[in-house]
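Colleague: Next up is a structure, given as structure tokens.
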Amino acid sequence: MAAFGKLSTSRLPPLPTIREIIKLFRLQAAKQLSQNFLLDLRLTDKIVRKAGNLTNAYVYEVGPGPGGITRSILNADVTELLVVEKDTRFIPGLQMLSDAAPGKLRIVHGDVLTFKVEKAFSESLKRPWEDDPPNVHIIGNLPFSVSTPLIIKWLENISCRDGPFVYGRTQMTLTFQKEVAERLAANTGSKQRSRLSVMAQYLCNVRHIFTIPGQAFVPKPEVDVGVVHFTPLVQPKIEQPFKLVEKVVQNVFQFRRKYCHRGLGMLFPEAQRLESTGRLLELADVDPTLRPSQLSISHFKSLCDVYRKMCDEDPQLFAYNFRELLKRRKSKNEEKEEDDAENYRL
Ligand code: SAM
């Protein structure tokens, strides 16, 4: 081991640096898989510190790659670290870390989009939802094409208290393209306010903790990277099914520069659009001329609650999907319809 230069960690025994591991196992980043590695252990330590107190924790790391964040997690006195990596080339390097931390690192060759972490840790770690978060943490620096669909899936899991949230209010520390991180944490009225802001913030306390400049990664990605911490809320700010909230939020933001009544109108079939939208806005006590970005979570709560009542009164309403309708018409070469929809004014 002495041949491998400087020590890279304090608690793990002497190990090759991440750069050396990459050379040793010929781990060229696969550009088509958006692999960008973090080699600076001060940065990986910072990500792990910001995840919270990991003493005796059970950690699920998604996409460990050559193992920079993995080392920092192992150095944080965790009881167990489970890593799930899709690319087999990384397994030998991770195995080397496992040998250095006997009994602590469990390596799974698999896909985080399908891996069932709810079965991976002991039942005894489960905490009631209302308690403090369990000693289970999720940490990861994944490709952006994976982290965004994954967070949407996990937000739905939070609303159902299943998946990684069978243990309770499992905390997550994840990286995103900086602009996505800003959207996740954006306040009402800000330029970055979007669908993601509302979907994440009605279920979680969301903090964009810091930004890592692109040049810290090898190879350097086109964009900077934001590290975001999520703690699921004891009481979601909107108490309606995830799919209903998603539908309302998606409709509102589909015309993000228009008044909010425009997108909300698309929740209703054309024949009743004007009347139903007016009723929804009136009962929810929301000003129709607010822009989507100006709507607070409590505005969305009122809109979702009233829309839910309207769906209960008219069981066909929830199935009505303006966007789907457009797609079907388009596929029948009726693109004119889309122009009509775009030009539509309430
Ligand atoms: N976490 C490492 C780091 O910070 O240096 C690697 C980051 S690299 C951007 C993303 C890693 O996630 C790669 O190792 C890639 O193979 C892995 N990965 C990508 N998609 C995955 C998936 N669906 N399931 C598991 N791992 C995945």
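The values are calculated or read from the model by the stated rules, or taken from the named source; none is laboratory data. Please read all numbers here as calculations on a predicted model, not as lab measurements. Note that each Cβ is placed from the backbone with ideal geometry, even for glycine, and that neighbours are counted across all protein chains shown. Only protein heavy atoms, including side chains, enter the accessible area calculation; ligands, DNA and RNA are left aside. Shrake-Rupley method; radii C 1.70, N 1.55, O 1.52, S 1.80 Å.
Colleague: Quick check on this structure: which one of Arg257, Arg183 is out of contact with any Cys (no Cβ under 7 Å at 6 or more places or on another chain), open to solvent by 40 Å² or more (accessible area, probe 1.4 Å), assigned to a helix (DSSP H, G or I) and over 20 Å from Phe318 (Cα atoms)?
Modeller: Values: Arg257 fails: assigned to a helix (DSSP H, G or I).
Within the list Arg257, Arg183, the selection yields Arg183.
Colleague: Do we have any residue at all in the range 139-152 that's in a strand (DSSP E or B) and in contact with a Pro (Cβ under 9 Å, 6 or more places away or on another chain)?
Modeller: Applying the first criterion (in a strand (DSSP E or B)) to the range 139-152 yields 139-140.
Applying the additional criterion that residues be in contact with a Pro (Cβ under 9 Å, 6 or more places away or on another chain) yields 140.
Looking for residues that are in a strand (DSSP E or B) and in contact with a Pro (Cβ under 9 Å, 6 or more places away or on another chain), one finds at least one in the range 139-152, hence yes.
Colleague: Further, regarding this structure: If I ask for residues that are modelled with pLDDT under 90 and open to solvent by less than 30 Å² (accessible area, probe 1.4 Å), which ones from the range 30-43 would you list?
Modeller: Ala30, Gln35, listed by residue number.
Colleague: Report, ordered by the first and then the second residue, all pairs with beta carbons closer than 7 Å, sequence separation of six or more or different chains, a first member in the range 145-161 that is modelled with pLDDT of 95 or more, and a second member that is of a type in the set (Gly, Ala, Ser).
Modeller: If the second residue must be of a type in the set (Gly, Ala, Ser), the pairs left are Trp154/Gly163; Leu155/Ala200; Asn157/Gly163.
Colleague: Still on this model: Applying the selection to the range 50-62, what residues are within 14 Å of the ligand (Cβ to nearest atom) and either under 20 Å from Gln35 (Cα atoms) or small (Gly, Ala, Ser) (or both)? If you could, list the steps in order and put the result at the bottom.
Modeller: So the first thing to find is which residues in the range 50-62 are within 14 Å of the ligand (Cβ to nearest atom), and the list is 51, 59-62.
Hits for the range 50-62 are Ala51, Tyr60, Glu61, Val62.
Colleague: Pull up the range 63-80, narrow it to residues that are within 23 Å of the chain's Cα centre (by Cα) and among the small types (Gly, Ala, Ser), then point me to the one that is nearest to Thr114 (Cα to Cα).
Modeller: It comes out as Gly63.
Colleague: A further question on this structure: Which of (1) over 17 Å from Pro64 (Cα atoms); (2) within 15 Å of the ligand (Cβ to nearest atom) is the odd one out, the single condition Asp132 does not satisfy?
Modeller: If we test Asp132 against (1) over 17 Å from Pro64 (Cα atoms); (2) within 15 Å of the ligand (Cβ to nearest atom), just (2) comes out false.
Colleague: Also, quick follow-up: Count, please, the residues in the range 16-29 that happen to be open to solvent by 20 Å² or more (accessible area, probe 1.4 Å) and either among the aliphatic types (A, V, I, L, M) or under 20 Å from the mean Cα position of the chain (by Cα) (or both).
Modeller: Here is the first cut: in the range 16-29, the residues open to solvent by 20 Å² or more (accessible area, probe 1.4 Å) are 17, 19-20, 22-26, 28-29.
Within this subset, residues satisfying the condition of being either among the aliphatic types (A, V, I, L, M) or under 20 Å from the mean Cα position of the chain (by Cα) (or both) are 22, 24, 29.
The total comes to 3.
Colleague: If you don't mind, there's one more thing I want to ask. Which residue pairs have Cβ atoms under 6 Å apart, sit 6 or more places apart or on different chains, and have a first residue in the range 206-219 that is in a strand (DSSP E or B) and a second that is open to solvent by 50 Å² or more (accessible area, probe 1.4 Å) and within 14 Å of the ligand (Cβ to nearest atom)?
Modeller: These pairs meet every condition: Thr211/Asp224.
Colleague: For Lys309, are the conditions met, namely being among the basic types (Lys, Arg), open to solvent by 80 Å² or more (accessible area, probe 1.4 Å) and at pLDDT below 95?
Modeller: no
Colleague: Go through the range 66-92 and count every residue that is within 12 Å of the ligand (Cβ to nearest atom), among the charged types (D, E, K, R) and open to solvent by 10 Å² or more (accessible area, probe 1.4 Å).
Modeller: Number satisfying all stated conditions: 4.
Colleague: Continuing with this model, one more query. Just the residues that are buried (at least 18 other Cβ atoms within 10 Å of the Cβ) and either over 17 Å from Val228 (Cβ atoms) or of a type in the set (Gly, Ala, Ser) (or both), please, taken from the range 126-155.
Modeller: Listed by number, the residues that qualify are Pro134, Asn135, Val136, Gly140, Ser147.
Colleague: Taking the condition modelled with pLDDT under 85, over 22 Å from Ser122 (Cβ atoms), within 11 Å of the ligand (Cβ to nearest atom) and touching a helix residue (DSSP H, G or I) at 6+ places or on another chain (Cβ under 9 Å), does Ile18 pass?
Modeller: Answer is yes for this residue.
Colleague: Going by what's in this entry, would Glu222 be described as under 30 Å from Pro143 (Cβ atoms) and in a loop (DSSP other than H, G, I, E, B)?
Modeller: Details: under 30 Å from Pro143 (Cβ atoms): yes; in a loop (DSSP other than H, G, I, E, B): yes.
In short, yes.
Table: residues versus (1) within 9 Å of the ligand (Cβ to nearest atom); (2) at negative phi; (3) open to solvent by 20 Å² or more (accessible area, probe 1.4 Å); (4) part of a strand (DSSP E or B).
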| residue | (1), (2), (3), (4) |
| --- | --- |
| Pro64 | yes, yes, no, no |
| Leu94 | no, yes, no, no |
| Thr114 | yes, yes, yes, no |
| Ser124 | no, yes, yes, no |
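Colleague: In this structure, is Arg273 at pLDDT 95 or above and either touching a Lys or Arg at 6+ places or on another chain (Cβ under 6 Å) or open to solvent by less than 20 Å² (accessible area, probe 1.4 Å) (or both)? Explain how you work it out, then say what you get.
Modeller: Values: at pLDDT 95 or above: yes; either touching a Lys or Arg at 6+ places or on another chain (Cβ under 6 Å) or open to solvent by less than 20 Å² (accessible area, probe 1.4 Å) (or both): yes.
Yes.
Colleague: Now a separate question. Taking Lys46 as meeting all but one of (1) away from the ligand (no atom under 16 Å from the Cβ); (2) open to solvent by 50 Å² or more (accessible area, probe 1.4 Å); (3) modelled with pLDDT of 95 or more, write down the number of the exception.
Modeller: (1)
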